[in-house]
Amino acid sequence: MGPPSNRTVGIAVGALISLTLFHFTDNFVNVEDYPRPGWQSATFIQVGALITWPLFAAFGVLGYRRYREGRFPQAHIYLIGSSYLGLISLLHFTSASPDELTTRGLVSVLIDGVVGAALLGVALWSILARRGQAGTAPAGAASGGGSR
């Protein structure tokens, strides 16, 4: 199987950015509805959301742009980093059980986890597919003298 297309990567990044925006906005606006450890104040959570969402969303955009440019090692790093945006939402379950979240909060946390895992999966798919291609390159094609 070949690596994911630019379109597949773009869809995965777009889904992550748009779907996590809902959860992070809800977490910011309805911060008191989300259980958290005692050491985390509502302000801490809100400031964290204001910093982490744009940062990891930007990683996704950069990863997609690098992917389209064929700069795959950089793209993979950014895409894996961006997947954290969805996966981090699952940390809500470290301070509360799912039944302690509102239905809206639980659904948005689970969706974030799914889209984060999906983007991570797309990045790993690309890495593995490209390693497989490198191993099957024609003789002389993998010499170190070419430009990238």
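Each reported figure results from applying straightforward, stated rules to the coordinates on display, with no laboratory input. Because the structure is predicted, anything quoted here is derived from the model rather than measured. Methodologically, a virtual Cβ is constructed for each residue, glycine included, from the backbone with ideal geometry; neighbour enumeration extends over all protein chains shown.
Taken over region 80-112, the criterion of being among the hydroxyl-bearing types (Ser, Thr, Tyr) and part of a helix (DSSP H, G or I) is satisfied by Ser82, Ser83, Tyr84, Ser89, Thr94, Thr103, Ser108.
Within region 1-26, work out how many residues are over 13 Å from Ile111 (Cα atoms) and without any contact (Cβ under 8 Å) to a residue 40 or more places away in the chain. Summing the residues that are over 13 Å from Ile111 (Cα atoms) and without any contact (Cβ under 8 Å) to a residue 40 or more places away in the chain in region 1-26 gives 5.
Selection of region 29-88 for residues being within 14 Å of Ala123 (Cα to Cα) and of a type in the set (D, E, K, R) yields Arg65, Arg66, Arg68, Arg71.
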